[in-house]
Each structure stands twice: as C-alpha cells, then as structure tokens.
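Asker: Sharing a structure, written as structure tokens. Questions coming.
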Amino acid sequence: MIQATPATDFKPSDGRSIGIPAWQMNAEIARRIIKRHDTSHPPVIDYEHQTLYKEKNGHPAPAAGWIHGLQWVEGKGLFVLAELTSKAKQMIQAGEYRFFSPVLQYNSKTGEVLKILMGALTNNPAIHGMEMIKVA
C-alpha cells in the first residue's frame with residue numbers, strides 16, 4: 001500500500017493556490033472515494049506526472065504502475081493499492097524514487113477530495129509528511 005493522502009485536511013506545501021483553504025479528507029470522505037473508484041479502468045501511476053505534460057513536452061509517459069484499489073487507514077489516511085512495474089520497483093529499491101504524488105479531483109467550493117485521478121512516483125511531493133514508498 002502507498003499513502004496517497006493524510007488522514008486530515010491538507011494543502012500543497014509548494015505554495016500554489018488551490019482556491020480553497022485546504023483539501024478535505026477524513027474517513028467518511030475516503031469511504032465515498034473508495035466506493036466511486038473504477039476498478040475496470042485503473043488510474044495510471046507514472047513518473048513525475050509526465051502523463052500531464054506529454055502533449056506539451058513531447059516526451060513519453062511510461063506507466064510505473066496502476067491503482068487497483070483504495071484503502072482507508074485510520075489515523076494515517078487514504079492509501080492506494082498499486083501494481084507497480086518491475087522497473088518502478090527496481091527504481092524504488094535503488095532509492096531513485098521515494099514518494100507518491102496523487103492527482104486529485106476535488107470540490108472547488110468545499111475542498112472535499114472526490115477522486116484520485118492518477119498518481120506519480122516523485123522525489124518532490126507537494127504533500128509533505130507522507131510515508132515513503134516501500135516495495136517487498
């Protein structure tokens with residue numbers, strides 16, 4: 001399991017404006033997100049959010065893995081159940097990547113997180129205080 005969000009409200013630590021005081025997360029919100037998660041089309045995990053930039057920079061956006069499920073861990077937050085590629089596992093084990101960064105859909109008025117759209121392996125996550133990725 002890979003931590004996607006903390007168990008409480010949070011905001012990006014990189015200083016960018018999200019138009020609300022914070023993204024909202026708690027057990028009830030997580031329950032709704034988990035219920036909406038579409039397992040027939042698992043969201044991608046890429047490297048450094050390249051899927052979002054590939055049209056602009058022309059670089060490929062290979063998958064590092066896929067999000068097959070979500071799980072709430074009381075006191076810790078929302079976690080993704082991920083299938084990582086062998087290359088991604090090797091890079092994590094070698095210390096080349098340490099963190100997961102989610103791409104969130106959220107209510108622009110309340111900040112309630114609605115969905116995990118995708119994620120990325122990164123070393124500079126916008127959400128500080130998250131657990132490092134571990135692979136078996």
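Asker: Counting just the residues of segment 1-48 that are farther than 15 Å from residue 77 by Cβ and β-branched (Val, Ile, Thr), which one comes out surrounded by the fewest Cβ atoms within 10 Å (Cβ to Cβ)?
Answerer: 39
Asker: Would you please list the contacts, defined by Cβ atoms under 6 Å and residues six or more apart or on different chains, that run from a residue in segment 55-72 that is touching a residue at least 12 places away in the same chain (Cβ under 8 Å) to a residue that is assigned to a helix (DSSP H, G or I)?
Answerer: 61/50; 61/51; 61/54; 64/88; 65/88; 70/34; 72/27; 72/30
Asker: If you don't mind, another one. Of these, 74, 55, 96, which one is within 14 Å of residue 133 (Cβ to Cβ) and acidic (Asp, Glu)? Don't jump to the end; show me each part of the working.
Answerer: Numbers: 74 fails: within 14 Å of residue 133 (Cβ to Cβ); 55 fails: within 14 Å of residue 133 (Cβ to Cβ).
Answer to the selection: 96.
Asker: Can you find even one residue in segment 117-128 that is of a type in the set (Ser, Thr, Tyr), out of contact with any Pro (no Cβ under 6 Å at 6 or more places or on another chain), buried (at least 18 other Cβ atoms within 10 Å of the Cβ) and outside any loop (DSSP other than H, G, I, E, B)? If you could, list the steps in order and put the result at the bottom.
Answerer: First pass over segment 117-128, keeping only residues of a type in the set (Ser, Thr, Tyr): 122.
Restricting the remaining residues to those that are out of contact with any Pro (no Cβ under 6 Å at 6 or more places or on another chain) gives 122.
Filter once more, keeping what is buried (at least 18 other Cβ atoms within 10 Å of the Cβ): none.
So far as segment 117-128 goes, no, none of its residues is of a type in the set (Ser, Thr, Tyr), out of contact with any Pro (no Cβ under 6 Å at 6 or more places or on another chain), buried (at least 18 other Cβ atoms within 10 Å of the Cβ) and outside any loop (DSSP other than H, G, I, E, B).
Asker: Run residue 132 past the list (1) part of a strand (DSSP E or B); (2) surrounded by fewer than 19 Cβ atoms within 10 Å (Cβ to Cβ); (3) not charged (D, E, K, R) and report the number of the one that doesn't hold.
Answerer: (1)
Asker: Would you check if residue 86 is surrounded by fewer than 17 Cβ atoms within 10 Å (Cβ to Cβ) and modelled with pLDDT of 95 or more?
Answerer: Working: surrounded by fewer than 17 Cβ atoms within 10 Å (Cβ to Cβ): yes; modelled with pLDDT of 95 or more: yes.
Considered against the rule, which asks whether it is surrounded by fewer than 17 Cβ atoms within 10 Å (Cβ to Cβ) and modelled with pLDDT of 95 or more, residue 86 comes out as yes.
Asker: Read through the list (1) of a type outside the set (Lys, Arg); (2) part of a loop (DSSP other than H, G, I, E, B); (3) surrounded by 16 or more Cβ atoms within 10 Å (Cβ to Cβ), then give the number of the only condition that residue 60 fails.
Answerer: All conditions pass for residue 60, except number (3).
Asker: On to the next question. Out of 34, 29, 45, which single residue is outside any strand (DSSP E or B), touching a residue at least 60 places away in the same chain (Cβ under 8 Å) and not small (Gly, Ala, Ser)?
Answerer: On the way: 34 fails: touching a residue at least 60 places away in the same chain (Cβ under 8 Å); 45 fails: outside any strand (DSSP E or B).
Every option except 29 fails the conditions.
Asker: Which residues, taken from segment 9-21, are within 16 Å of the chain's Cα centre (by Cα), touching a residue at least 24 places away in the same chain (Cβ under 8 Å), under 15 Å from residue 111 (Cα atoms) and assigned to a loop (DSSP other than H, G, I, E, B)?
Answerer: 9, 12
Asker: I've got another one for you. So if I check each of 67, 45, 34, which one is under 16 Å from the mean Cα position of the chain (by Cα), modelled with pLDDT of 95 or more and farther than 20 Å from residue 122 by Cα? It would help to see each step written out before you state the result.
Answerer: Working: 67 fails: farther than 20 Å from residue 122 by Cα; 45 fails: farther than 20 Å from residue 122 by Cα.
Exactly one residue qualifies, and that residue is 34.
Asker: Oh, and also: Hey, residue 39 hits all of (1) in a loop (DSSP other than H, G, I, E, B); (2) among the hydroxyl-bearing types (Ser, Thr, Tyr); (3) modelled with pLDDT of 95 or more but one; which does it fall short on?
Answerer: (3)
Asker: Does residue 52 count as crowded, with 17+ Cβ neighbours inside 10 Å and of a type outside the set (Gly, Ala, Ser)? Quick ask: steps written out before the conclusion?
Answerer: Working: crowded, with 17+ Cβ neighbours inside 10 Å: no; of a type outside the set (Gly, Ala, Ser): yes.
Taking the combined requirement at face value, the residue does not satisfy it.
Asker: Ok, one more. Of the numbered conditions (1) modelled with pLDDT of 95 or more; (2) within 16 Å of residue 2 (Cα to Cα), residue 126 satisfies every one except a single condition; which is it?
Answerer: (1)
The values are calculated or read from the model by the stated rules, or taken from the named source; none is laboratory data. Only a predicted model underlies this, so the values are computations on that prediction, with no experimental measurement involved. No Cβ is skipped: glycine too gets one built from the backbone with ideal geometry, and neighbour counts run over all protein chains shown.
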